1. Evaluate segment 1-98: find the radius of gyration of its Cα atoms, find its Kirkwood radius, and give the ratio Rg to Rh.
2. Kindly express, to the nearest 10 degrees and within the range 0 to 90, the angle between helix 430-440's C-alpha long axis and the longest C-alpha principal axis of the chain.
3. For a Förster distance of 35 Å, can you work out the FRET efficiency between the beta-carbons of residue 298 and residue 162, rounded to the nearest 0.05?
4. Quick one: Cα centre-to-centre distance for segment 208-268 and segment 305-382, in angstrom?
5. Put a dot 7 Å past each Cα toward the Cβ at residue 366 and residue 53; how far apart are the dots in nm?
6. Pairing the Cα long axis of helix 375-386 with the longest principal axis of the chain, what angle in degrees results, from 0 to 90 and rounded to the nearest 10?
7. At a Förster distance of 35 Å, what's the computed FRET efficiency of residue 40 paired with residue 125, Cβ-Cβ distance as r, to 0.05?
8. For segment 86-218, evaluate the Debye formula with one uniform point scatterer on each Cα (no solvent term) and list log10 I(q)/I(0) at q = 0.12, 0.16, 0.17 Å⁻¹, rounded to two decimals.
């Protein structure tokens with residue numbers, strides 16, 4: 001029976017083997033495998049028990065002399081390390097090992113607790129500890145990953161899963177996880193050619209399941225002092241690491257509101273800058289070529305303070321884009337109603353409340369009279385109502401245009417009502433009567449133009 005000789009040799013070394021909480025690690029087997037082997041050894045008369053301790057019988061001694069433990073290293077795979085955990089040697093990983101690898105990734109990448117004497121704990125002891133027999137091959141895998149060229153992850157697995165290494169996918173996967181973790185600040189990860197911001201346990205799971213979709217690249221560049229100046233604009237701490245800069249910039253752009261991410265109502269250079277970051281596929285090209293070309297028509301190593309200033313200007317315009325929109329639509333609202341303050345506008349609506357039969361004006365009145373909210377929240381609520389529940393942060397340029405048209409229409413209705421209600425006690429004289437007769441002869445479009453001119457004070 002497979003592994004029986006390994007069990008007998010371990011019992012010969014330690015008669016209290018089955019009392020040891022680390023028996024699974026010592027034998028490199030699962031609990032069910034250990035129980036099955038123990039039962040076989042007893043049934044076959046290979047071991048005998050004395051007060052919870054086990055010793056080999058003569059038959060047991062004879063068995064280990066006749067059935068030696070076969071080394072995992074062979075002539076074809078002479079760069080294989082000796083591995084104790086037997087399930088790591090299986091070409092197809094059992095479900096328990098797959099699950100343990102996922103838990104190990106969560107522990108290393110997301111700081112989840114690691115259970116003592118668990119399979120994932122044994123993976124660290126077997127493969128990643130300082131005394132591991134795998135130190136040499138792990139170093140070769142790290143050297144491969146940290147090469148200067150971008151490479152497909154499948155190339156790494158193909159190299160180390162074939163002779164002279166002949167490792168299993170499980171072993172290579174754990175080494176890849178370890179190298180990625182220790183070098184995450186200088187390694188760019190691409191999934192389907194798209195640069196990925198953060199290595200998570202879920203991404204690692206995809207990397208192992210579909211390595212053909214992933215590429216890796218070391219991102220260390222020559223020392224460029226200008227990177228530190230740029231980093232001061234977008235990062236909490238200065239850095240010359242181009243991967244830190246790229247991640248910081250992409251996080252900044254992707255966290256902007258939808259309006260800022262889509263509007264064309266920005267400086268053309270800022271729009272090109274924003275779009276280059278949104279569509280970035282390579283962190284080195286983004287900072288070394290794409291952005292410098294857009295902002296200064298140079299490559300990064302040729303840039304100076306002009307580039308830094310242009311970079312800062314683009315960032316500032318994007319940061320202020322939404323607040324500029326809010327300011328613009330607020331001013332447009334006041335201008336449309338020939339007003340300068342919230343308080344006065346609210347008073348005018350209160351005065352006209354009994355004459356408001358239009359539902360939209362009634363709802364607008366309810367929003368206008370709210371005086372306790374901040375200026376930003378006040379105009380956001382009004383804008384959301386006017387554009388039918390779409391909040392300004394989610395607007396497109398078309399929504400801005402729609403807002404302005406609707407505000408003009410509402411203002412025209414309101415001022416007309418205001419003028420009508422205010423003129424109820426005024427009797428027209430001869431001049432006014434003559435003017436009204438002339439107006440009545442105008443076409444409907446001409447009357448609309450006239451009303452707009454009057455409303456706008458022209």
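1. Numbers: Rg = 14.3 Å, Rh = 14.4 Å.
My calculation puts Rg/Rh at 0.99.
2. 50
3. Numbers: r = 45 Å, r/R0 = 1.30.
E(calc), rounded to 0.05, equals 0.15.
4. Taking the Cα centre of segment 305-382 as reference, the centre of segment 208-268 is 33 Å away.
5. 8.6
6. On a 0 to 90 degree scale, this one is about 80.
7. Details: r = 27 Å, r/R0 = 0.77.
For residue 40 and residue 125, the calculated efficiency is 0.85.
8. Treating every Cα as an identical point scatterer, log10 I(q)/I(0) equals -0.43, -0.79, -0.91.
Read-outs: derived from the displayed coordinates by stated rules, not from any lab. Not measured: the values here are computed from a predicted model. Note that each Cβ is placed from the backbone with ideal geometry, even for glycine, and that neighbours are counted across all protein chains shown.
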